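To keep things clear, I will list the structure first and then write my remarks on it.
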Amino acid sequence: MARRNRTRPRSRRDTVASRHATTARSAEREATPRTTTGYRARGTVTRAGYSRAAGTPSAALERASLIERAYVAKDFRRLAITVVIALALLVAAGLIESAVLGR
């Protein structure tokens, strides 16, 4: 026997009705003056040009940053090797093509 879903289904409104409801709410929101509560959402934090952390970093942060820097350096090294190999293959293919078609 199939397991029943115990949540009630939501009633579906007409799209026009939902648009009217949202525009009415936004008009009410604009009419009321905003008061600052001191709370800011996490994603909207604006920072000036300086770092927020002060003092010496912890040993765990130092280790993590060292590991991250090593990973980025290795990644750039791999990328440089790939670019050099691709350029060498292009040059070799050009030389082979000119030798074969040059005759």
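Could you please report the charge total around Asp75, scoring K, R as +1 and D, E as -1 over all other residues with beta-carbon less than 11 angstrom from its beta-carbon? Result for the neighbourhood of Asp75: +3.
3J(HN,Hα) along the range 78-89, derived from phi through the Karplus expression 6.51 cos²θ - 1.76 cosθ + 1.60 where θ = phi - 60°, amounts to 4, 5, 5, 4, 4, 5, 5, 5, 4, 5, 5, 5 Hz, with x in place of Gly and Pro.
Just so you know, all these numbers are worked out from the coordinates, no wet-lab data involved. This structure is a prediction, so every number in the text was calculated from the model and none was measured. Cβ: placed from backbone, ideal geometry, glycine included. Neighbour counts: every protein chain shown.
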